[in-house]
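The values are calculated or read from the model by the stated rules, or taken from the named source; none is laboratory data. Note that the structure is predicted; figures quoted are calculated from it, not measured. Glycine gets a Cβ as well: all are built from the backbone with ideal geometry, and neighbour counts include every protein chain shown.
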Amino acid sequence: MTVPTDLNRAAPQAAAWPEDAIEVGRVLDAWGIKGWVKVLSHSTDAEALFAARRWYLKPSERALPGKPAAVPPVLNILSIRDHGDGIVAHIDGVVDRNGAEALKGARIFVSRAEFPQPVSDDEFYWVDLIGLVVVNRAGEPLGEVLDLIDTGPHCVLRICPPGLVAPIKPEQERLIPFVSQFVLDVSLPDKRITVDWGLDY
């Protein structure tokens, strides 16, 4: 991925939590001594992290209940780049290793509106597919997308069949490869995926 290493645009210091916030990663640890952090992306394609000028934070799930959040609600991103097998970022106002270490474990959220547009019409973000209704050629409902599985060569839709409510057992799921051989149409406005798949598959 080729991105500018210096975004040169700091976001406002205060920003309301966006209604369309999506969790995209977490702060792993401090990197270096000048306030940089190492970041883990939840996706193999970290474009949302690189595109956003603001990251919204929540403390780690391991934080003690009732303990005040030690992380700021918003970070302004000054610079971000690939580094080895990970990502490092420089945060406005974080000037040393101690400040960076204080962010360790924080969950990173980005406004869905800041995600880059997919390159082609047949590319989709996973988050946009979750919750869509899946029907076959005959219009028969197969269920609702729970999640996707990344198998390497392609993704697989995890579908909760009609009449069941998540969470469900693995043997109750329908699994449909997200490839053109089976996926005929994806309509985000209609919240529907049409597939070439039988009820008895």
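Restricting 20, 92 to residues that are modelled with pLDDT of 95 or more and surrounded by fewer than 18 Cβ atoms within 10 Å (Cβ to Cβ) narrows the list to 92. Among the criteria (1) surrounded by 15 or more Cβ atoms within 10 Å (Cβ to Cβ); (2) modelled with pLDDT under 75, the one residue 58 does not fulfil is (2). What do you reckon, is residue 123 more than 25 Å from residue 16 (Cα to Cα) and surrounded by fewer than 16 Cβ atoms within 10 Å (Cβ to Cβ)? Yes: the conditions hold for residue 123. Would you confirm whether or not segment 126-140 contains a residue that is surrounded by fewer than 18 Cβ atoms within 10 Å (Cβ to Cβ) and among the aromatic types (Phe, Trp, Tyr)? Checked against the condition, which is being surrounded by fewer than 18 Cβ atoms within 10 Å (Cβ to Cβ) and among the aromatic types (Phe, Trp, Tyr), segment 126-140 yields at least one hit.
Every condition in (1) under 24 Å from residue 121 (Cα atoms); (2) in contact with a Lys or Arg (Cβ under 9 Å, 6 or more places away or on another chain); (3) modelled with pLDDT of 95 or more holds for residue 149 except the one numbered (3). When each of 79, 41 is tested for being under 27 Å from residue 128 (Cβ atoms), polar (S, T, N, Q) and either at pLDDT 90 or above or assigned by TED's automatic domain parsing to the domain that holds residue 155 (or both), the lone residue that passes is 41.
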